[in-house]
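Accompanying notes for the structure given below.
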Amino acid sequence: MIKVTRLNGQPFTLNAIFIEQIECFPDTTITLSNGKKFVVKENEDAVVERIVAFYKKIQIISSDQRIEESE
């Protein structure tokens with residue numbers, strides 16, 4: 001789980017396993033695999049850092065791996 005903040009300042013936790021896409025419009029929009037969208041205050045890089053930290057914590061990726069950006 002990662003902690004993010006809605007635009008109104010309300011923090012919430014989100015299961016990073018279900019994140020399918022992160023976009024900036026310019027607000028950061030997180031789309032889950034079920035199609036639900038969340039607009040958050042954090043920028044895209046901050047969200048990705050939290051996702052990577054979560055993946056490492058639950059051992060989906062190791063400390064020496066890095067997530068490549070898709071083109």
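The values are calculated or read from the model by the stated rules, or taken from the named source; none is laboratory data. All figures in this text were calculated on a predicted structure; none of them were measured in a lab. All Cβ positions, glycine included, derive from the backbone under ideal geometry; neighbour counts span all protein chains shown.
For the stretch 6-16, name all the residues that are closer than 16 Å to F54 by Cα and either part of a loop (DSSP other than H, G, I, E, B) or modelled with pLDDT under 95 (or both).
Residue satisfying the conditions is N15 alone.
Mind checking which pairs have a first residue in the stretch 41-56 that is touching a residue at least 24 places away in the same chain (Cβ under 8 Å) and a second that is part of a helix (DSSP H, G or I), Cβ under 6 Å, 6 or more apart or different chains?
Sorted first by the residue in the stretch 41-56, then by its partner, the pairs are I51/A16; F54/A16.
I'd like the full set of residues that are basic (K, R) and either loosely packed, with under 14 Cβ neighbours inside 10 Å or modelled with pLDDT under 95 (or both), limited to the stretch 25-71.
The answer is K36, K37, K56, K57, R66.
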